[in-house]
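Shown next, in structure tokens, is the structure this report addresses.
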Amino acid sequence: MAEPVISIRGLRKSYGEAEAVRGIDLEVQAGEVFAFLGPNGAGKTTTVEILEGYRKRSGGEVTVLGEDPQRAGREWRERIGIVLQSGRLDPYLTVRESLGLYAGYFRAPRLVDEVIELVGLREKAEARASRLSGGQQRRLDVGMALIGDPELLFLDEPTTGFDPTARRQFWDVIAGLRDLGKTVFLTTHYMEEAQRLADRVTIIAAGEIVARGTPEDLGDRESQPATIHYREGGEEIRVETTTLVETLHELTGAALAHGGGLEGLEVTRPSLEDVYLELTASAQGVE
Amino acid sequence: MNGLALVGHQFRYDQKAFWRNPASVFFTVMFPVVLLLIFATVFGSQTVDVRGGIKTTTYYVPAIITLSVISATMQSLAMSLVIAREDGRLKRSRGTPMPPWVFIAGRIGNSIVVALMMLALLAAIGRVLYGVEIPWDRLPAIVVTLVIGAAAFCCLGIALTAAIPSQDAAAPIVNALLLPLYFLSGVFIPDDQLPSGVIHFADVFPIRHFFEAFFDAYVPANGAASASISWDNLAIVAIWGVVGLLLAVKFFRWSPRNG
């Protein structure tokens, strides 16, 4: 297998007495969209800013694109794009100008018009940043991170505070990046976002990794009890089972034998959201 | 792009943003013009007892140019850099391959160009409205004095950002430092009316020395035709600038204070 784009071994970070990150390991492969999921204060931003070279780690080993971010220089920065958790734009420059300014910082930038298209701001190309909605500003922020045509893009909680429409538009942009073959490291506290965008999800809580996997098999949902709901004589019935197929067979068999149906039949498994809440709640209970 | 071309690139965008920002245009460009008009109108008929007696307007033109240079450099840089820092814009730019000195050089270039434009604008207003001669033969001395002063006040402005915790604090802190010194240094009140103790106090700070150097360059001393650069005053301004530069290198922050 090719060398991972990001490799972290035993990463630690303390701020004075407080340990924000307590020895985590993870790897991100080229071309994948990796979601780093966790509640506020879990250590996501600390980790991502160590990967971006903004913060120094207290311990452990970190390699990003083959270099230690703490020591990496200009050449390394040509290959990465960063969208910070909070960052406003120059209110007096237009979308095109902001991108043009950043294009000049890179040796081989993408075309400004191409990036405007990519982040869906064609209609707003000549508008100043101060005239953009929150979602549009964030997409311009992503555009500025993409203008250098990076191999690796960091997005730190990019959709916090978005309305559902803006969030969906943003997700479309990120889906487009996957098609371009970019590696994306995304932090978020929205389960749905991780589920929608990521190839792999790692959950961090209180500075430790509590779960990792694909959005489908995360938290081993397959083996967790499923719940069967139906109504009988107007009464709501709930059956929890770990042997779903057998239980369903019995229920439906019995119902058919009596010539009836199972009104309002529904089967639910714990959602990724449920798994996430349970995992992070128990990790924070340790605190 | 090589370093110098990149500075030019950064400068072009800084210029755009500067002229579109109503606050920077008002405080850096309009405010000195308004001050000159007010002082000239209110005190225009009087004389100032320096250089054996000169017209008040002849005094105020170089005085207000001095103020406008400090405003375009120290004041404008301190405020705009703090705003950019707290917005997270400085941090974002540090995530790119652009070397940090390029960004700073672009901003300093922007300030010095605006300062030179203010020199031209205020000198022209002084000439047209009040008949204050533009000393063309002394132009090299004027420009050298202005550029050395502007560079020093840029360094002081960048250093000052380290003492400004938030966007809201920027204007009060900058004005609390500069406004009293304008009064005490003879920029607002002609120095023949200031007690010598006040002048001695003001002599500790760079504004007074920059004003004296600029005044010497702009207003010919009695009968002296030769262009003169007031090196002793400029040396003190430059020392302040170097101190500012060292403090800036040590304490300047790219990341927001609140984050």
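Read-outs throughout are calculated quantities, based only on the coordinates presented, and are distinct from any laboratory measurement. Keep in mind the model is a prediction, meaning the values are calculated, not measured. Neighbour counts are summed over all protein chains in view; Cβ atoms, including those assigned to glycine, are modelled from backbone coordinates with ideal geometry.
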Using only Cα atoms, what Kirkwood radius does the stretch A:220-286 have, in angstroms? 13.6
Where does chain A land on the Kirkwood hydrodynamic radius, alpha-carbon pairs, in angstrom? 21.1
Diffusion coefficient, µm² s⁻¹, Stokes-Einstein with Kirkwood Rh over alpha-carbon pairs of the stretch B:53-141 at 37 °C and 0.692 mPa s: 216
Using R₀ = 45 Å, calculate the FRET efficiency as 1/(1 + (r/R₀)^6) where r is the Cβ-Cβ separation of residue A:125 and residue B:31; round to 0.05. 0.85
For residues of A:48-61, the mean tally of beta carbons on other chains within 10 Å: 1
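Looking at this model, which pairs from A:124/A:182; B:91/B:250; A:44/A:182 are more than 23 angstrom apart at the alpha-carbon?
Details: A:124/A:182 25 Å; B:91/B:250 17 Å; A:44/A:182 21 Å.
Correct reply: A:124/A:182.
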Honestly the stretch B:3-251 on the Cα gyration tensor test (a ≥ b ≥ c root eigenvalues; a/c under 1.5 rounded, otherwise a/b vs b/c for prolate or oblate) is just prolate
Quickly work out the residue B:199-to-residue A:247 label distance, labels modelled 7 Å from Cα along the C-beta direction, and quote it in nm with one decimal. 9.6
Residue order, fewest to most beta carbons within 10 Å, for B:56, A:45: B:56, A:45
Just to confirm a number: summing +1 for Lys and Arg and -1 for Asp and Glu over residues other than residue A:192 whose beta-carbon lies under 12 angstrom from that of residue A:192, what do you get? +1
Provide a whole-number value for the mean count of partner chain Cβ atoms within 10 Å of the Cβ atoms in peptide A:74-82. 3
Dipole check, the protein assembly as shown, charges on Cβ (K,R +1; D,E -1), about Cα centroid: among A:89, A:251, A:206 the Cα furthest to the positive pole belongs to A:89
What's the exposure ranking of B:94, A:269, going from fewest to most Cβ atoms within 10 Å? A:269, B:94
Give the distance, in whole Å, between the Cα centre of the stretch A:204-275 and the Cα centre of the stretch A:1-59. 35
Suppose each label sits 7 Å from its Cα in the direction of the beta carbon; what would the residue B:235-residue B:171 distance come out to in nanometres? 4.1
Order these peptides, A:144-157, B:114-127, B:240-253, by their mean beta-carbon neighbour count within 10 angstrom, highest first. A:144-157, B:114-127, B:240-253
Per-residue Cβ counts within 10 Å, from other chains only, averaged over A:86-94: what number is that? 6
